[in-house]
Amino acid sequence: MANQVKSDKDYSQYFQPPSLTDAKKRGKEEIAVHYDFMIPEDMQGFGKDKYYLIRTYGCQMNEHDTEVMKGLLEQMGYQTTEDKNQADVILLNTCAIRENAEDKVFGELGHLKALKAQKPGLVLGVCGCMSQEEAVVNRIMQKHAFVDLIFGTHNIHRLPALLKDAFYNKEMVVEVWSKEGDIVENLPKKREGIRAWVNIMFGCDKFCTYCIVPYTRGKERSRRPQDVLAEVRDLARQGFQEITLLGQNVNAYGKDFEDITYSFADLMDDIRKIDVPRIRFTTSHPRDFDDQLIEVLGKRGNLVEHIHLPVQSGNTEVLKRMSRKYSRDHYLTLARKIKETLPDVVLTTDIIVGFPGETDEQFNETMSLYEEIGFDFAFTFIYSPREGTPAAGMEDNVPMEVKKQRLYRLNELVNAHSKASNDKLLGQTVEVLVEGESKNNADVLAGRTRTNKLIHFTGSKELIGRMVEVHVTQAQTWILKGEIVEEPLKLSI
Ligand code: 5AD
Ligand code: SF4
């Protein structure tokens, strides 16, 4: 149901606050796949001589949604700009995962208010995960009424029509589907650089008790294998060197197919045969990561030996309260199995500290698990209550000061491990995909190893986009430095 509303109405009726009970009753109705998307005729050329700017917050899923929105806008004739003053359309593609992500967006809206006052013709839109939250939409309508357009994560393909409404309407246009829509296959995407993202699925059905994503992104639905494979083949033909398969829980890929049996491992086994130098995937869930996938990853080739495997906590009791559906032992066994098949694997993870009720002993189990696994890196977070999620209703007896201390201790450990794992590469020669010039020094090139480590070295700009061998000469906590290994001359005898 589309909720097209005007500002004189009671908006609350159009939103369902996140509700675990309702969300778990997710319909079994089939998700239809559409292959016939077109920019509506009256919107073709609408962006001629106009400029757009999209600010993206949050995860790679959002980055990729931005590529789709850029594709749509450019098909309508809009051109990109980085200058707010030049832009005719500004979209904020938002993230709701933690409170500080939301604060950043409200801060930016505050800055944009003055611009909107100077330039009333500017269309200012808010999209992404925050728009799926009733409380956020209400706050924007009450305190940031200068916003022209709000649309949700299931409404991206509607952008051309919504822009038109926002352009001609004096009142705020709001379209947020609380229920996920169908899969729209042939949306345009504007990809840049040598690395590409490919969605393999949308949504999440895991309902970890702290997480807002199952509500903002809807139920799990997988793209058909032939559509994913066709997109990867096409990117290979275009010369992309690295592809990252995206999903909130890629290991659940294919579980929603009713007519075929085809898992994430099957998909990886097929993608392995496509001629792209590197294939990555994110994010994995330890519960669904199966032996078949480990076996396929063991075939290596373009499947890189880096796995991001969020653990969240090292204590079984906390994991239970997070509803992660695995234990500390399960995770340790899984990591052991992965290492048996891929002894040189780089494992990285996500960790939440200060979950409601987490004791010192339980936190110490996270620290000991980190050591035991020997992660190379972790994204670490202080627990942030999200309205409507089950954890937000749990009594949180861990003082903020304690949470901060735990984060500090954990980060010290993370940094020490990063440095130690980089040290191990000293003196070795690694395969590097050259991404571009380094941010601070145009004479230095920046690239990444198969295990996603950043490395700087001196070399010709012609190497950008190519694969080279680099000898590692320096190891720091976050970065490696090295010297390019000259290609040996091939002597003909
Ligand atoms: N508070 C803190 N961190 C969170 N994450 C997800 N939800 C929350 C929350 N409410 C973290 C998890 C997840 C990562 C993307 O963000 O670690 O893996
Ligand atoms: Fe959130 Fe990931 Fe859990 Fe899904 S699996 S609910 S996206 S943390």
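Data table
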read-out: Tally, over segment 112-154, of residues that are free of Cβ contacts under 8 Å to residues at least 40 places away in the same chain, in contact with an Asp or Glu (Cβ under 6 Å, 6 or more places away or on another chain) and assigned to a loop (DSSP other than H, G, I, E, B); value: 0
read-out: Test: residue in segment 416-426 that is at negative phi and modelled with pLDDT under 95; value: no
read-out: So residue 430, is it surrounded by fewer than 18 Cβ atoms within 10 Å (Cβ to Cβ), in contact with a Ser or Thr (Cβ under 6 Å, 6 or more places away or on another chain) and within 16 Å of residue 471 (Cβ to Cβ); value: no
read-out: In segment 266-300, the residues that are surrounded by 15 or more Cβ atoms within 10 Å (Cβ to Cβ) and over 19 Å from residue 247 (Cα atoms); value: 274, 276, 277
read-out: Residue count for segment 64-93, restricted to those that are more than 16 Å from ligand 2 (Cβ to nearest atom) and outside any loop (DSSP other than H, G, I, E, B); value: 17
read-out: Residues being more than 16 Å from ligand 1 (Cβ to nearest atom), touching a residue at least 40 places away in the same chain (Cβ under 8 Å) and under 30 Å from residue 135 (Cα atoms) - total across segment 209-223; value: 3
read-out: Sole residue being more than 16 Å from ligand 1 (Cβ to nearest atom), assigned by TED's automatic domain parsing to the domain that holds residue 39 and not polar (S, T, N, Q), chosen from 135, 161, 196; value: 161
read-out: Segment 226-275, subset over 17 Å from the mean Cα position of the chain (by Cα) and among the hydroxyl-bearing types (Ser, Thr, Tyr), residue nearest to residue 295 (Cα to Cα); value: 263
read-out: Criterion violated by residue 357 - all others in (1) surrounded by fewer than 22 Cβ atoms within 10 Å (Cβ to Cβ); (2) without any contact (Cβ under 8 Å) to a residue 60 or more places away in the chain; (3) within 15 Å of ligand 2 (Cβ to nearest atom) satisfied; value: (3)
read-out: Failed condition for residue 197, given (1) outside any strand (DSSP E or B); (2) more than 16 Å from ligand 2 (Cβ to nearest atom); value: (1)
read-out: Hits in segment 307-320 - residues which are assigned to a loop (DSSP other than H, G, I, E, B) and either hydroxyl-bearing (Ser, Thr, Tyr) or more than 14 Å from ligand 1 (Cβ to nearest atom) (or both); value: 313, 315
read-out: Candidates 255, 206 - the one that is more than 16 Å from ligand 1 (Cβ to nearest atom) and within 21 Å of residue 31 (Cα to Cα); value: 255
read-out: Residues satisfying the stated conditions in segment 360-389, i.e. assigned to a strand (DSSP E or B) and either more than 15 Å from ligand 2 (Cβ to nearest atom) or in contact with a His (Cβ under 8 Å, 6 or more places away or on another chain) (or both); value: 377, 382
read-out: Enumeration of residues in segment 436-452 that are modelled with pLDDT of 95 or more and either buried (at least 16 other Cβ atoms within 10 Å of the Cβ) or touching a Lys or Arg at 6+ places or on another chain (Cβ under 6 Å) (or both); value: 445, 446, 447, 448, 449, 450, 451, 452
read-out: Residue ID - nearest to the chain's Cα centre (by Cα), chosen from residues in segment 276-306 that are within 15 Å of ligand 2 (Cβ to nearest atom) and part of a strand (DSSP E or B); value: 282
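The values are calculated or read from the model by the stated rules, or taken from the named source; none is laboratory data. What you are looking at is a predicted structure, and each value in this text was computed from that prediction instead of being measured. Cβ coordinates were reconstructed from backbone atoms using ideal geometry, including for glycine residues, and neighbour counts include every protein chain displayed.
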